[in-house]
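The values are calculated or read from the model by the stated rules, or taken from the named source; none is laboratory data. This structure is a prediction, so every number in the text was calculated from the model and none was measured. Here Cβ is always computed from backbone atoms with ideal geometry, including for glycine, and neighbour counts include all displayed protein chains.
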Amino acid sequence: MGLTKPNCGARLERLPDCSWHWSIFGMVALSLLVCWSNAIGGLVLAQLKELGWTNNSISATFVSLTTAGMFLGALIGGIIGDKIGRRNSFLLYEVIHIVAMLAGAFAPNMTFLIACRFVMGVGLGALLVTLFAGFTEYMPAHNRGTWSSRVSFIGNWSYPICSLIAMGITPFVSADLNWRVQFIIPSALSAIASLIAYKKFPESPRWLESKGRYEEAEKIMAEIEASVERQLHIKLEQPLILSEPQKEVELPYAALFHGELLKRVILGSMVLIAMNVVQYTLINWMPTIFMTQGINLKDSIVLNTMSMFGAPAGIFIAMLIMDRIPRKVMGVGLLLIIAVMGYIYSLQSSMAMISIMGFFLIIFVYMFVCYASAVYVPEIWPTTAKLRGSGLANAIGRISGIIAPYAVAALLNSAGVTGVFMLLSGVSIIVALSIATIGIETRGASVEEIGEK
């Protein structure tokens, strides 16, 4: 007699919010917070330039190979993750990332460091896909968007934290030691996060069930339920099974290029293209844009810093409203606001208006970053193809991040600041139309319901 299907999805959905959810959140959020090898890239290059290790051409290679590594990591990381599971892929990619950071910290020359940087990119690209997409399988549908937004909120503090650490150690260590320490710190913190995950992070019962590993899924699900009952001093009700359990179907990678899944690949890719083009253009080009508007270097840096305070504010606001607004409405609305505000912003000339408009523009941009990278794209896939679908969409999205800087540079020279923001507005409007026409509504829908759409 075969084992009974454990119906893990329905059983997870009926769990009340409790410390078990917070423990999963804590492990994922901590891992995202401390894996800041990407965030320290500019800080490290500044130190290496002072040491004579790099010039603009070598630095470009350093940055490009990081992006190439993240592209490859997102692509193959999803394939491996759907094969070996959420817990195993989480730990595997952490180890790859940590080892590459430690090797880079002891690099004898720039060539070796660039090679390590590529591997860091592979590990980080795969890790981000696994953490964001895999996390959706543990959280209930009614507030999954809020949980994912919280993860994004914590993870995005890595940029200011690593900058503060760099500022703090600079007066006390030499330039040659400084950049090495900047790799060692996240390596050590990521090792601690990995050790906690190794001891405490469970495999996704939904993934085990999708693979037909019913006995393992039942064992983990029973442990989770027993833990929740102990914590809350309650007896859990029997889950509501709305439809006859379906037999597990293994989806080949080729399924992503046909039918409904192809539509979701296009949707996810478009959403992440908009995020990458808008976010990275503003992050990397904002000071240059200010100077093009006639503002001096000192004031442009001040304005850029003030504007970037909108980033955590935007993610925090997104966290508060994510599960109150339908996903399609939120995505379309944010992109149209960004399109209009971006164009108006490009027409400003006074310091006051540039500062105010820039701050609010960044708020809406980072609301969309949270929506795209942490919530909508990770949740639009069935369990059997979740990491592969999310990984493919992320990889395609990263290609736009490689191409966009060249388009921005050309437009700044030929059409000025208004031309750049017309590009951002155009991309935002096209993707808004894509969400409106081929987007699926996921708010309040379980992973299983999303997979059946």
Picking from Ala374, Ala404, the residue that is among the small types (Gly, Ala, Ser), assigned by TED's automatic domain parsing to the domain that holds Phe316 and under 20 Å from Gly314 (Cα atoms) would be Ala374
Of all residues in region 135-149 being surrounded by 24 or more Cβ atoms within 10 Å (Cβ to Cβ) and in a helix (DSSP H, G or I), the one that is farthest from the chain's Cα centre (by Cα) = Arg144
Checking Ala166, Ala141, Ala197 in turn, the sole residue that is touching a Gly at 6+ places or on another chain (Cβ under 6 Å) and more than 25 Å from Ala395 (Cα to Cα) turns out to be Ala141
Scanning region 250-263 for residues that are assigned to a helix (DSSP H, G or I) and farther than 20 Å from Ile80 by Cα gives Gly259, Glu260, Lys263
Residue ID - farthest from Asn143 (Cα to Cα), chosen from residues in region 311-345 that are basic (Lys, Arg) and either in contact with a Cys (Cβ under 7 Å, 6 or more places away or on another chain) or part of a helix (DSSP H, G or I) (or both) = Lys328
Would it be correct to say that Gln238 is exposed (fewer than 12 other Cβ atoms within 10 Å of the Cβ) and among the polar types (S, T, N, Q)?
-> yes
Failed item in (1) surrounded by fewer than 17 Cβ atoms within 10 Å (Cβ to Cβ); (2) modelled with pLDDT of 95 or more, with Asn56 passing the rest | (2)
Within region 1-52, count every residue that is over 28 Å from Gly125 (Cα atoms), assigned to a helix (DSSP H, G or I) and not aliphatic (A, V, I, L, M).
-> 5
Filter region 1-25 down to the residues that are farther than 19 Å from Tyr214 by Cβ and among the polar types (S, T, N, Q), then identify the one that is surrounded by the most Cβ atoms within 10 Å (Cβ to Cβ).
-> Ser23
Failed item, numbered, when Phe62 is tested on (1) in contact with a Leu (Cβ under 9 Å, 6 or more places away or on another chain); (2) in contact (Cβ under 8 Å) with a residue 24 or more places away in the chain; (3) under 30 Å from Val265 (Cβ atoms); (4) in a helix (DSSP H, G or I) = (3)
Checked region 150-179 for anything more than 17 Å from the chain's Cα centre (by Cα) and surrounded by 18 or more Cβ atoms within 10 Å (Cβ to Cβ); matches are Cys162, Ala166, Asn178, Trp179
